[in-house]
1. Tell me, what is the per residue accessible area of segment 54-159 in Å², probe radius 1.4 Å?
2. Connecting C-alpha atoms closer than 10 Å in a GNM of the chain, tell me which of 128, 112, 41 has the biggest fluctuation.
3. Can you work out the FRET efficiency for the pair residue 122 and residue 177, with r the C-beta to C-beta distance and R0 = 30 Å, to the nearest 0.05?
4. Taking θ = phi - 60°, what integer Hz values does the Karplus form 6.51 cos²θ - 1.76 cosθ + 1.60 yield along segment 44-51, in sequence order, with x for Gly and Pro?
5. In Å and whole numbers, how far do the C-alpha atoms of segment 177-227 stretch along each principal axis, longest first?
6. In debye, nearest 20, what is the charge dipole magnitude of the chain about its Cα centre with +1 on Lys and Arg Cβ and -1 on Asp and Glu Cβ, if you could check?
7. Exactly which trypsin sites (Lys or Arg not before Pro) in segment 132-240 are in a DSSP loop and have at most 11 other Cβ atoms within 10 Å?
8. Could you tell me what percent of the accessible area of the chain is made up of carbon and sulfur, with a 1.4 Å probe and every protein chain present?
Amino acid sequence: MKPIWEALLESLRDLLPIVLVIAFFQLAVLQQPIPKFGEIALGTTFVVIGLTLFVQGLNTGLFPIGETMAYAFVEKGNVAWLLLFAFALGFGTTVAEPALIAVADEAALVAAEGGMIESSEAAMESYALGLRVTVALSVGLAIAVGVLRIIFGWPIQYLITVGYVGVVIMTIFAPEEIIGIAYDSGGVTTSTITVPLVTALGVGLAGSIKGRNPMIDGFGLIAFASLTPMIFVMGYGMLV
């Protein structure tokens, strides 16, 4: 584990390009002073500290537990339990994903304003919850398929190609109002909670199975988690 001061410097270095870009366009292009400079500086400091603690938490908690559980399930030798765990992990991390919650709430609000659903709190909550559950189910299924790919050594490029062909076909038939939400759902699912645990699961699983290379076979689960929500959400839009 790195010293906290070193981790803070790394987080500051990572955020520095964003700060420089904003400062350049604000001062050189817009030629205006930075509004509420003190609040922005304080907020940036909080972001640096939060990012540092988040990364430290990933390295000391989430990554190790994902790899440890993958090793334990392989030693148990029960594929059914491993697939059930993979599905539950994908579902649980996605349904609690803050980015997905925000997008689902915004989609429900826009749908109500556009007359697609009733403009009531209950209707919007139901729509947002249905969207979240649909995405979570798709990610759970995607992680389970990804685990099967690692176990049997299926080439990832073929599965991804077939998946995106399905996305294109669904796009043709899905309502226009849901297509954008579906495509965004594929991105927001792979965020702060889902990525660390799913990546650790894939790497740990590939490292514990004889004949699998963690670099070649361990990664790729996130690609499935980004792909399937687009198909499921467009299907959800066609039904709802």
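The values are calculated or read from the model by the stated rules, or taken from the named source; none is laboratory data. Small disclaimer: the values here were computed from a predicted structure and weren't measured. Because the Cβ atoms are built from the backbone with ideal geometry, glycine has one as well, and the counts that use them run over all protein chains shown. Areas reflect the complete protein model, heavy atoms only, side chains present, ligands, DNA and RNA absent. Shrake-Rupley method; radii C 1.70, N 1.55, O 1.52, S 1.80 Å.
1. Values: 5350 Å² over 106 residues.
I get 50 Å² per residue for this part.
2. 41
3. Working: r = 21 Å, r/R0 = 0.68.
FRET efficiency, residue 122 to residue 177: 0.90.
4. Once rounded to whole Hz, the list reads 5, 4, 4, 4, 4, 5, x, 5.
5. Answer, in whole Å and largest first: 47, 18, 11 Å.
6. Details: 8 positive and 17 negative charges, 189 e Å.
Dipole size: approximately 900 debye.
7. Values: sites: 132, 149, 210, 212; in loops: 210, 212.
Sites meeting the loop and neighbour criteria: 210.
8. Values: 9500 of 13290 Å².
Ligands and nucleic acids excluded, carbon and sulfur give 71 percent.
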